[in-house]
Amino acid sequence: MSAFLKNTSTPPLTFFLTGVPGLEAAHAWISIPFCCLYITALSGNGMILFVIITEPSLHEPMYYFLSMLSSTDLGLCTSTLFTVLGIFWFNAREISFNACLAQMFFIHLFTFMESSVLLAMAFDRFVAISNPLRYATILTHSRITQIGVSIVTRGVVILIPLVLLLKRLSFCHSHVLHHSYCFHPDVMKLSCSDTKVNSAFGLIAIISSAGIDSVFILLSYILIIHSILSIASPEERKKAFSTCISHVTAVAIFYIPLISLSFVHRFGKKAPPYVPTLIANIYLLIPPVMNPIIYSVKTKQIRKAVLKVLRPKGVLI
């Protein structure tokens, strides 16, 4: 009887990931730029974290928030690394349902966390420019720790119901996902159950994270611009603006691909099938690749610390 039950039991649910549709023959070549991007992102963010931890002069609120940004970027890269390169190198498309949910959880967690960190960095710039004399007393070590913990907690609290709601669904049709990683809307569309609750909760999750964050980031910069314009000296205004350039660029490279992906999913039905896949990968890869470059180029203290690590002692560059 037990043997009969074992033989007739439901097999584990498996999904099939997709590489770049229509370009399967070129996956080996496509993997080269992707591999370079992953190496750049991992090494760049690792270097930023290393110099902030080891350089005492960088133990300030601004750089603590930058270290949070680098940590989320590292998490975002490692969440997709194995499935993306696994498809390109070994055509390893299968992923179990539980592994898919775990990957989806971490991808969305680090995405929500990055949005929250960018908001915290906007608040940091606002305090530094509008109230510089109280900067150190407002953004104390304990307060920064509280902000970091609240960022993680907020992401986990939003995502746990999202994952639990997916686990109640039935999947009886196609199990082929449209990306090289597990993405909540993509997994949800494969269900043959009623997904209205999942769809509504997914929308609430986006609005309560990236949606609210973007509004507060915009509000922060309205207040920052108001504070800068009240500064009498043109040189001081220029200096204040320059401290925001890196953050504004980081916000742009995070939200522009996110908005582009949303538009492609909603209005790009006539676009070639590889376009949404490439934009989805760019959306997760470009911010982790570009953030370390932006902050290394635009932030003098970070640039000096990185050069100090890379330059052998006693050797002039």
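Give me the pairs, please: first residue somewhere in segment 46-61 and of a type outside the set (Lys, Arg), second residue anywhere and open to solvent by 70 Å² or more (accessible area, probe 1.4 Å), beta-carbon distance under 7 Å, and either six or more positions apart or on two chains.
Ser57/Gln301; Leu58/Gln301
Quick one: in segment 14-26, of everything that is modelled with pLDDT under 90 and out of contact with any Ser or Thr (no Cβ under 7 Å at 6 or more places or on another chain), which residue is surrounded by the most Cβ atoms within 10 Å (Cβ to Cβ)?
Among those residues, the one meeting the criterion is Leu23.
Being assigned to a helix (DSSP H, G or I), polar (S, T, N, Q) and under 21 Å from the mean Cα position of the chain (by Cα), is that true of even one residue in segment 42-60?
yes
Yes/no matrix, rows are residues, columns are (1) out of contact with any Ser or Thr (no Cβ under 7 Å at 6 or more places or on another chain); (2) more than 27 Å from Ser296 (Cβ to Cβ):
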residue	(1), (2)
Phe88	no, yes
Arg93	yes, yes
Asn98	yes, yes
Arg125	no, no
Ser142	yes, yes
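Residues of segment 154-183 being in a helix (DSSP H, G or I) and under 16 Å from the mean Cα position of the chain (by Cα), which ones?
First, pick out the residues of segment 154-183 that are in a helix (DSSP H, G or I): 154-167.
Correct list: Arg154, Gly155, Val156, Ile158, Leu159.
Which of (1) over 22 Å from the mean Cα position of the chain (by Cα); (2) more than 20 Å from Asn281 (Cβ to Cβ); (3) of a type in the set (A, V, I, L, M, F, W, C) is the odd one out, the single condition Ile147 does not satisfy?
Among (1) over 22 Å from the mean Cα position of the chain (by Cα); (2) more than 20 Å from Asn281 (Cβ to Cβ); (3) of a type in the set (A, V, I, L, M, F, W, C), the lone unmet condition for Ile147 is (1).
Restricting to segment 76-99, give me the number of residues that are buried (at least 17 other Cβ atoms within 10 Å of the Cβ) and touching a residue at least 60 places away in the same chain (Cβ under 8 Å).
11
What are the residues in segment 253-263 that are more than 13 Å from the chain's Cα centre (by Cα) and open to solvent by 30 Å² or more (accessible area, probe 1.4 Å), if any?
If the condition is that a residue be more than 13 Å from the chain's Cα centre (by Cα) and open to solvent by 30 Å² or more (accessible area, probe 1.4 Å), then Ile259, Ser260, Ser262, Phe263 are the ones that fit.
Just checking, which of Ser220, Ser193 is in a helix (DSSP H, G or I) and hydroxyl-bearing (Ser, Thr, Tyr)? Write out each step before concluding.
On the way: Ser193 fails: in a helix (DSSP H, G or I).
One residue alone meets the criteria, Ser220.
Would you tally the residues in segment 33-48 being more than 18 Å from Leu284 (Cβ to Cβ) and surrounded by fewer than 19 Cβ atoms within 10 Å (Cβ to Cβ)?
Selection size over segment 33-48: 1.
Report, by residue number, each residue of segment 85-96 that is in contact with a His (Cβ under 9 Å, 6 or more places away or on another chain) and under 14 Å from Cys182 (Cβ atoms).
Taking segment 85-96 and keeping what is in contact with a His (Cβ under 9 Å, 6 or more places away or on another chain), we get 87-89, 91.
Matches in segment 85-96: Ile87 only.
Of the residues in segment 184-223, how many are open to solvent by less than 50 Å² (accessible area, probe 1.4 Å), of a type in the set (Val, Ile, Thr) and within 25 Å of the chain's Cα centre (by Cα)?
Here the count works out to 2.
Based on this model, can you work out whether Ile129 counts as aliphatic (A, V, I, L, M), assigned to a helix (DSSP H, G or I) and at pLDDT 95 or above?
It is false that Ile129 is aliphatic (A, V, I, L, M), assigned to a helix (DSSP H, G or I) and at pLDDT 95 or above.
Hey, Leu133 hits all of (1) within 19 Å of Ile293 (Cα to Cα); (2) surrounded by fewer than 22 Cβ atoms within 10 Å (Cβ to Cβ) but one; which does it fall short on?
Of everything listed in (1) within 19 Å of Ile293 (Cα to Cα); (2) surrounded by fewer than 22 Cβ atoms within 10 Å (Cβ to Cβ), Leu133 misses just condition (1).
Would you please name the residue that is modelled with the highest pLDDT, looking only at residues in segment 269-317 that are among the basic types (Lys, Arg) and touching a Ser or Thr at 6+ places or on another chain (Cβ under 6 Å)? Spell out the reasoning first.
Of the residues in segment 269-317, the ones among the basic types (Lys, Arg) are 269-270, 298, 300, 303-304, 308, 311, 313.
Within this subset, residues satisfying the condition of being touching a Ser or Thr at 6+ places or on another chain (Cβ under 6 Å) are 298, 303.
Working: Lys298: 86, Arg303: 89.
Filtering segment 269-317 for residues that are among the basic types (Lys, Arg) and touching a Ser or Thr at 6+ places or on another chain (Cβ under 6 Å), the one modelled with the highest pLDDT comes out as Arg303.
The values are calculated or read from the model by the stated rules, or taken from the named source; none is laboratory data. Source: prediction; values computed, not measured. In this analysis, Cβ positions are derived from the backbone assuming ideal geometry, glycine residues included, and neighbour counts consider all displayed protein chains. Surface accessibility is based on the protein's heavy atoms, side chains included, excluding ligands, DNA and RNA. Shrake-Rupley method; radii C 1.70, N 1.55, O 1.52, S 1.80 Å.
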